[in-house]
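Below is one structure, written out as structure tokens; the observations come after it.
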Amino acid sequence: LQTENGVLLPSLQYALPFLDLHGTPRLEFHQSVFDELREKLLERVSAIALEGKVEERYKKLEDLLEKSFSLVKMPSIQPVVMCVMKHLPKVPEKKLKLVMADKDLYKACAVEVKRQIWQDNQALFGDEVSPLLKQYILEKENILFSNDISFLQNFFSPSPKTRRQGEVVQKLTQMIGKNVKLYDMVLQFLRTLFLRTRNVHYCTLRAELLMSLHDLEISEICTVDPCHKFTWCLDACIREKFVDNKRARELQGFLDGVKKGQEQVLGDLSMILCDPFAINTLALSTIRHLQDLVGQDTLPRESPDLLLLLRMLSLGQGAWDMIDSQVFKEPKMEAELITRFLPLLMSFVVDDHTFTVDQKLPSEEKGPIPYPSTIPEAFTKFLQENRIACEVGLYYILHITKQRNKNAFLRLLPALVETFSDLAFSDIFLHLLTGNLTLLGEEFALEEFCTSLFDGFFLTACSRKENVHRHVLRLLLHLHHKVAPAKLESLQKALEPTKQSGEAVKELYNQLSEKLELRKPSPAEVTETPSMELPLPTVPTPAPR
């Protein structure tokens, strides 16, 4: 049996007894030979996939697969069979079905083979993608609710290229490869989930995925996605956090270039513009343009660049409605937004300049002019009824907070209690606001400031919106040592979780309670310290003589 089935090399007849003397079992020897041969075979299969004419090389691999597939369940041979399938651009349907039916085989096969299975099995591909999408949303939410509050490092700090290196984007990019059908499936999943949940992070993933494929120069997909060049240009703006004149013209060219009959592209473009990173860039650019217009004595309607920014903001904010209704046309922009609301914002900038100059002038007998405290009714109405006005207004408030402009902040804060779709209580805005409020840390010692901020704004929504509860606790965890003790005590009572509160709120509240407990003086310090003065000894009065 050994002679018939052994390795037929004459020189081995003398070498094998030598191994016996060293106590090496024959099995070990044959196993090492087998492993060596398998490695050579794997190398050869990879080489065949690259040499000769296309038809010939694939014919060889198909023949090899036919001969070896019956042994696919043998662990020692399985890598060879999987390697052959990996290099075949089209594995026979029958073999794919057998692999798909066996969980272990499906798990063992290469992603190149899985792509061929997935492209005809949307449900199976959905099962593979779904956990990744959930993980992606969870990662975004964890950043928004992070306990590290800073105006320097926030949700929008990482560059687009850094974000694309994230695990989920990289895995999805690998799963799609160059397969347009799979790419379309992922986009369909993202659209469906965005419609179902209104979660804008799916829009971010849609843009990141396209740009990740762009980084790898996968032209098979980039050339067929009509949003590719628009997304590429917008990506550069997001990197700079500003839309300059040159790129503004490019972006306008793409929007104006949507031909009749291709309006469906607007659905995808609106989803790209609905990405919070795009909205952030457009809103920051809008505020910057408004400040420039104040200096130039120019009205908003006379600035084409500003009108384009508003057009893109409007398209992004209307993404959900457009995809839901399947009516692909740009939302009409209200004239009053440009003729009334933006000049109103500019008047706030002028108020600030006037107040600053007035403070520097020598004070006369009439005394200093107080900072304007009233809000025009129109401003509050715009924030409640117009989505674009609300978005721009919120970014203006973030801007003045970042400038440590306490007066302007307290003046406009009451307008945030009621806003369009409760945008002022959205996670992204509260994440940015809490970060910027750290710059006004010293103001938290003042009763008036805390009452306006907490009682007048945050606590109005805490009971009905758990996310607001979480953000207030995050802020206090960071700034509790700045708040007056009496105010802190009343806030602690007001923020106590209810039975309905989620675990995250309870956890944050416990952390805050522990920190406050540590700050309380110990009982020994509270008890009155004994007087250090020694009682004088009583001296008897000398008797009169």
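The values are calculated or read from the model by the stated rules, or taken from the named source; none is laboratory data. These figures come from a predicted structure and were not determined experimentally. Glycine also receives a Cβ, built like all others from the backbone with ideal geometry; neighbour counts cover every protein chain displayed. When the accessible area is computed, the model is the full protein with side chains, heavy atoms only, and any ligands, DNA or RNA have been set aside. Shrake-Rupley method; radii C 1.70, N 1.55, O 1.52, S 1.80 Å.
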Can you bin region 2-120 into rounded, prolate or oblate? Criterion: square roots of the alpha carbon gyration tensor eigenvalues sorted a ≥ b ≥ c, rounded for a/c under 1.5, prolate for a/b above b/c, oblate for the rest.
-> prolate
Please give the net charge around Val72, taking every other residue with its beta carbon less than 11 angstrom from that of Val72, where Lys and Arg add +1 and Asp and Glu add -1.
-> 0
Cα centre as origin, Lys/Arg/Asp/Glu Cβ charges: region 2-120 dipole, Debye | 520
Per the chain: cysteines with no other Cys C-beta under 4.7 angstrom?
-> Cys83, Cys109, Cys222, Cys227, Cys233, Cys237, Cys390, Cys450, Cys462
Summed over the other residues with a beta carbon less than 13 angstrom from that of Val350, with K and R at +1 and D and E at -1, the charge totals -4
Using the structure shown, list the pairs from Lys171/Lys506; Lys259/Lys332; Lys402/Lys482; Lys246/Lys402; Lys161/Lys406; Lys465/Lys506 with a Cα-Cα distance above 25 Å, or answer none.
-> Lys171/Lys506; Lys246/Lys402; Lys161/Lys406
Between the alpha carbon centres of region 156-179 and region 192-235 the gap in Å comes to 10
The alpha-carbon center of region 251-271 and that of region 91-149 are separated, in whole Å, by 31
If you take the beta carbon distance between Asp20 and Asp184 as r and set R0 to 51 Å, what does 1/(1 + (r/R0)^6) give as a FRET efficiency, to the nearest 0.05?
-> 0.25
Shape of region 328-485, Cα gyration tensor, a/c cut at 1.5 = oblate
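About the Cα centre of the chain, how large is the charge dipole given +1 on each Lys and Arg Cβ and -1 on each Asp and Glu Cβ? Please answer in debye to the nearest 20.
Dipole size: approximately 860 debye.
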Taking the chain and counting helices only, DSSP H stretches of n ≥ 4 at -39,500 (n - 2.57) each over all residues, the nearest-500 ellipticity at 222 nm comes to -19500 deg cm²/dmol
At R0 = 25 Å, FRET efficiency that the Cβ-Cβ distance of Glu139 and Lys107 yields, to 0.05 | 0.50
What accessible area per residue comes out for the chain, rounded to a whole number of Å², with a 1.4 Å probe?
-> 56
Measure up Lys107/Lys140; Lys60/Lys86; Lys53/Lys114; Lys59/Lys107 against 19 Å on the Cα-Cα distance and list the ones that go over.
-> Lys107/Lys140; Lys53/Lys114; Lys59/Lys107
Using a cut-off of 12 Å between beta-carbons, work out the net charge of the residues near Glu240 (Lys and Arg +1, Asp and Glu -1, Glu240 not included).
-> +3
Expressed in whole Å with the largest first, what are the equivalent ellipsoid semi-axes of the chain derived from the C-alpha gyration tensor as the square root of 5 times each eigenvalue?
-> 63, 40, 19
Expressed as a whole percentage, what fraction of the accessible surface of the chain belongs to carbon and sulfur atoms when a 1.4 Å probe is rolled over the protein heavy atoms?
-> 55
Residue-ordered couplings for region 401-413, obtained by feeding phi - 60° into the Karplus form 6.51 cos²θ - 1.76 cosθ + 1.60 and rounding to whole Hz (Gly and Pro as x), are 5, 5, 8, 6, 8, 4, 4, 5, 4, 5, 5, 8, 3
